[in-house]
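Written out below as structure tokens is the structure these notes cover.
The values are calculated or read from the model by the stated rules, or taken from the named source; none is laboratory data. Being a predicted model, the structure only gives us computed values, none of them experimental. Neighbour counts are summed over all protein chains in view; Cβ atoms, including those assigned to glycine, are modelled from backbone coordinates with ideal geometry.
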Amino acid sequence: MHKAPQLVQKAKAVNSDLVDSFGREHTYLRISLIEKCNLRCTYCMPAEGIQLSPKNDIMTADEVIAIASEFVRMGVTKIRLTGGEPLLRKDAADIIKRLSAMPVELAITTNGVLLDRYFELFQEVGLNHINISLDTLQEDRFKALTRRNDFLKVKENIFQCFDWGIQPRINVVLLKGQNEDEIVDFVRLTKNYPLTVRFIEFMPFDGNQWNSDKLVSLSEVLQKVSVEFGRENLHRIKDAAHDTSKNYKIEGFKGQFSVISTVTNPFCDSCNRIRLTANGKIKNCLFSESESDLLSAFRSGKKIGPEVQKALEAKKFKRGGMETLEEFSNPSRNQHNRSMILIGG
Ligand code: SAM
Ligand code: SF4
């Protein structure tokens, strides 16, 4: 068991209800608004589909707002909406408006298909932290990867972001043999557009056929980029606090790119994230098997603060308790989790 004594000491100095037993302060809440999605990404949604929660088990808009307010009272300063596809939810606009009135940085992760319907709202409420998932710049590949035909719509919506003053971050899950030959094309996009391309390591979740041979490493990414644009033009950018990525820029380019190595080089030491699923369960780590039922506690009139604290006290130090890469790569350990679509990334 990892004790991380230096972090435990730090816990005493932090004045927050959201500190875990390793001294990590959880100021970043990710709320999944919905289990459904309009795409079917192979790495996220199992081919056989998923068992959706009964409708009554999904948080209503009022419940999302009440629970989020309690988190904010406890010390959360950033909320990201995710899903499934958060913009698919019929009352997404209402939820976004109400959350934007809270003293938090509001962000969203979306597949971009419905984005054009929301630009006006985003401008009105000042939501400009937008991550858009796009794993390929090729239409036929998009169809194979997402099992849907929305490539042109997503592409158009990404370019529309600039007209609305938004500098989007593009999430690209790298899959060996499927899209790593597009790394250079994605980085080339940052030449004329002020966007950030984020290459994300493929992570194991229930039913997504993960295996470590499908990973594309940081050094492979940097190698390809250096060959194309010149090693001397590749610059490392300083990480921000709690940054999960290693950030880079090509000399003279408007945008930048980053690599997020959650599997091979996790950022657990400085983790500040806590997750709430659409059916109101707290996941204290993306990879934890266990969950706590916050929504039932809330519905039965219990105070939720102590429930949140209990969930944080139970948080393991690294990857939900899978300390070594060997453990983490073992299907008997890494498949006791929800599918990603039911967590929210
Ligand atoms: N539907 C929205 C979207 O696609 O952006 C939000 C939900 S999606 C689950 C959130 C993020 O998780 C996306 O950027 C997606 O690419 C990423 N993701 C899903 N499955 C993944 C996996 N197995 N490994 C790494 N990232 C994954
Ligand atoms: Fe849907 Fe996002 Fe999962 Fe793709 S990654 S299936 S868009 S939830």
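Give just the number: which of (1) within 16 Å of ligand 1 (Cβ to nearest atom); (2) touching a residue at least 24 places away in the same chain (Cβ under 8 Å) does LYS143 not satisfy?
Among (1) within 16 Å of ligand 1 (Cβ to nearest atom); (2) touching a residue at least 24 places away in the same chain (Cβ under 8 Å), the lone unmet condition for LYS143 is (2).
Here is a list: ASN128, ASN171, ASN149. Which entry is at pLDDT below 95 and within 24 Å of ARG117 (Cα to Cα)?
Numbers: ASN171 fails: at pLDDT below 95; ASN149 fails: at pLDDT below 95.
Matching residue, one of ASN128, ASN171, ASN149: ASN128.
Exactly one condition in (1) in contact (Cβ under 8 Å) with a residue 40 or more places away in the chain; (2) in contact with a Ser or Thr (Cβ under 9 Å, 6 or more places away or on another chain); (3) more than 19 Å from PRO168 (Cβ to Cβ) is false for LYS254; which is it?
Looking at each condition in turn, LYS254 falls short on (3).
When you look at PHE186, is it within 14 Å of ligand 1 (Cβ to nearest atom), crowded, with 16+ Cβ neighbours inside 10 Å, of a type in the set (Phe, Trp, Tyr) and part of a strand (DSSP E or B), yes or no? Don't jump to the end; show me each part of the working.
Values: within 14 Å of ligand 1 (Cβ to nearest atom): yes; crowded, with 16+ Cβ neighbours inside 10 Å: yes; of a type in the set (Phe, Trp, Tyr): yes; part of a strand (DSSP E or B): no.
For PHE186, the condition - within 14 Å of ligand 1 (Cβ to nearest atom), crowded, with 16+ Cβ neighbours inside 10 Å, of a type in the set (Phe, Trp, Tyr) and part of a strand (DSSP E or B) - is not met.
Can you tell me which condition SER32 does not meet? The list is (1) under 25 Å from MET102 (Cβ atoms); (2) more than 16 Å from ligand 1 (Cβ to nearest atom); (3) hydroxyl-bearing (Ser, Thr, Tyr), and all the others hold.
If we test SER32 against (1) under 25 Å from MET102 (Cβ atoms); (2) more than 16 Å from ligand 1 (Cβ to nearest atom); (3) hydroxyl-bearing (Ser, Thr, Tyr), just (2) comes out false.
Answer with yes or no whether ASP135 is farther than 19 Å from GLU35 by Cβ, modelled with pLDDT of 95 or more, within 15 Å of ligand 1 (Cβ to nearest atom) and of a type outside the set (Val, Ile, Thr).
On the way: farther than 19 Å from GLU35 by Cβ: yes; modelled with pLDDT of 95 or more: yes; within 15 Å of ligand 1 (Cβ to nearest atom): yes; of a type outside the set (Val, Ile, Thr): yes.
Yes.
List, please: which pairs have Cβ atoms under 7 Å, are six or more places apart or on different chains, and start with a residue in region 60-78 that is on the phi > 0 side of the Ramachandran plot and end with one that is surrounded by fewer than 16 Cβ atoms within 10 Å (Cβ to Cβ) and modelled with pLDDT under 95?
Final answer for the pair search is GLY75/SER16.
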